[in-house]
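Okay, structure first, notes after.
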Amino acid sequence: MLYTFAVLIVLCVAILLFINMYPVFGGNPSREQQEVYEGFDNYQNGQFVNQVPTEMGMGITGMLSIIRDSLFSDDNDRSPTEDIPVSEIGWDQIKSEEDSLTWFGHSTFLLSIDNKKIFVDPMLRPRASPVSFVGGSKRYSEDLLSIIGELPSIDAVFITHDHYDHLDYASILQLNRKVSHYFVPLGVGVHLIRWGVEEEKITELNWWDETDFQGLTVTLTPAKHYSGRGLFNRNSTLWGGWVILGENTRFFTSGDSGYDEHFKEVGERYGPFDITLLDGGQYDDRWDWVHMTPEEAVQAHLDLMGENMMLIHWGAFTLAYHDWSEPIERALAEAENTAVNIIAPNIGETVLLNGDFFNVISRWWEL
């Protein structure tokens, strides 16, 4: 008994030391930062909270059902049967002065707007996990870290929240020499600072904070989600979506979010949008508060008064129990029912945001 207890103590200490010393886990807001956050409506009892009270637990029944599905599910369609090809990247288009969008799967994309190059949630590593050899899902396509060497200078990186499938240590390390500035929700800057990003290159925003960036109007908007990279820092940092308004393109991305009234509020304040990128993958009835279904994503687009829509949070990792291509098929069906124009470019394809980006659907997922 004593030997077993001692082993457990040593194991717990080792885990704590690993989390504290391994930089991938990031940092934690200081006491001084927390004292500032306490003055905000969306920070209660030492944690950030959603606009509406949100029950974030699944209970014992939900957890047991997930264990059951993980161990005994015979669904072989949760991942593609072979690697997804990445389109030849149009670097000339990306580096031109035209507004454009290049998707790298999941929620990672490069936006060119008013000749500013903006990288959103740059997660290019093979796994959405703290370590490279285990955990999370293996990327459906090749490792994309190699594209960083070919990227133009990045005017700004925008982060929606600090989960591993959106904020990646290895990607930030390799990108940082090319990045002029970072825009992040409150608290997320501590991760970047631990990873060597200069504090003066980071702007942290609360929901509805609006700022100017080289002529672009930038606003962090509410989302219905949560945050955390370690065992003990859940909701210690904020999460959100981004409004980016240029001279010719009004852009919105939701980040990770369940469906709620905040989309209508964003639409009323900043709509209409030329294009919206909306979370509509990795959904499940057991966590319907954290991710939208494809149908809810289409409704959010309507709430936002969007002209064109693209579904994100799919096409790279298996993080839920639906078929891997189900999100886009359901979104396309709902878009047809509601007369919404939806685009579905190849991974790596650049779409010019010139008002003519209709029918950008190659059905590449039908392998």
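Taking amide hydrogens as placed 1.01 Å from N in the peptide plane, the amide H of residue 213 sits under 5 Å from those of 218, each at least 5 positions away in sequence or on another chain.
For segment 171-232, GluC sites (Glu not before Pro) are listed when DSSP marks them as loop and at most 16 other Cβ atoms sit within 10 Å of their Cβ; the list is 198.
Could you order peptides 102-108, 317-323, 81-87 by the average number of other Cβ atoms within 10 Å of their residues, highest first?
The peptides rank, most packed first, as 102-108, 317-323, 81-87.
What separates the Cα centres of segment 323-357 and segment 186-219 is a distance of 30 Å. The H on the amide N of residue 342, modeled in the peptide plane, is under 5 Å from the matching H of 309, each at least 5 residues off or on a different chain.
The solvent-accessible area of residue 31, taken with every protein chain present and a 1.4 Å probe, is close to 120 Å².
Accessible area per residue for the chain, computed on protein heavy atoms with a 1.4 Å probe, is 44 Å². Here the accessible area is traced with a 1.4 Å probe on the protein chains. For segment 105-210, carbon and sulfur cover 48 percent of it. Between residue 202 and 182, the built amide H atoms are under 5 Å apart, and every one of these is 5 or more places off in sequence or on another chain.
With a Förster radius of 25 Å applied to the beta-carbon distance between residue 30 and residue 173, the computed FRET efficiency rounds to 0.65.
Full extension from residue 352 to residue 323: what is 0.36 nm times the residue separation minus their Cα-Cα distance, to one decimal in nm?
Gain on stretching residue 352 to residue 323: 7.5 nm.
Give me the extension gain from residue 234 to residue 265: residue separation times 0.36 nm, minus the current Cα-Cα distance, reported in nm with one decimal.
8.5 nm
By accessible area, using a 1.4 Å probe on protein heavy atoms only, segment 243-367 has 42% of its surface on carbon and sulfur. Note that segment 222-232 has calculated 3J(HN,Hα) couplings of x, 9, 10, 7, 7, 9, x, 10, x, 6, 10 Hz, one per residue in order, obtained from phi through the Karplus relation 6.51 cos²θ - 1.76 cosθ + 1.60 (θ = phi - 60°); glycine and proline are x. Give, as a single signed number, the net charge of other residues whose beta carbon lies under 11 Å from the beta carbon of residue 218, with Lys and Arg counted +1 and Asp and Glu -1. Local net charge: -2. The alpha-carbon of residue 178 sits under 28 angstrom from the alpha-carbons of these lysines, leaving out residues fewer than 8 places away in its chain: 95, 116, 117, 138, 201.
Net charge of the neighbourhood of residue 269, taken over other residues with C-beta under 14 Å away and scored Lys/Arg +1, Asp/Glu -1, is -4.
Between residue 51 and residue 143, what is the spin-label point distance in nm, taking each point 7 Å from the Cα along the Cα→C-beta axis? About 4.1 nm separates the two model spin labels. Taking a ≥ b ≥ c as the square roots of the eigenvalues of the Cα gyration tensor, an a/c ratio below 1.5 marks the chain as rounded.
In order along segment 199-206, the phi-based Karplus estimate (6.51 cos²θ - 1.76 cosθ + 1.60, θ = phi - 60°) of 3J(HN,Hα) comes to 4, 6, 8, 10, 10, 9, 10, 9 Hz; Gly and Pro are listed as x.
Taken as entire DSSP H runs, the helices of the chain that both span 27 Å or more between Cα atoms along their own long axis and average 0.5 or more on the Kyte-Doolittle scale are 2-21.
When the helices of the chain are scored as -39500 (n - 2.57) per DSSP H run of n ≥ 4 and the total is divided over every residue, the value at 222 nm lands at -7500 deg cm²/dmol.
Report the FRET efficiency, 1/(1 + (r/R0)^6), for residue 98 and residue 212, where r is their Cβ-Cβ distance and R0 is 22 Å, rounded to 0.05.
With R0 = 22 Å, the Cβ-Cβ based efficiency is 0.50.
Taking 0.36 nm per residue of separation and subtracting the Cα-Cα distance, full extension of the segment from residue 362 to residue 338 would add 6.6 nm.
The values are calculated or read from the model by the stated rules, or taken from the named source; none is laboratory data. These figures come from a predicted structure and were not determined experimentally. A quick note on method: Cβ atoms are made from the backbone with ideal geometry, for glycine too, and the neighbour counts reach across all protein chains shown. Accessible surface is based on the protein model in full, side chains and every heavy atom, while ligands, DNA and RNA are left aside. Shrake-Rupley method; radii C 1.70, N 1.55, O 1.52, S 1.80 Å.
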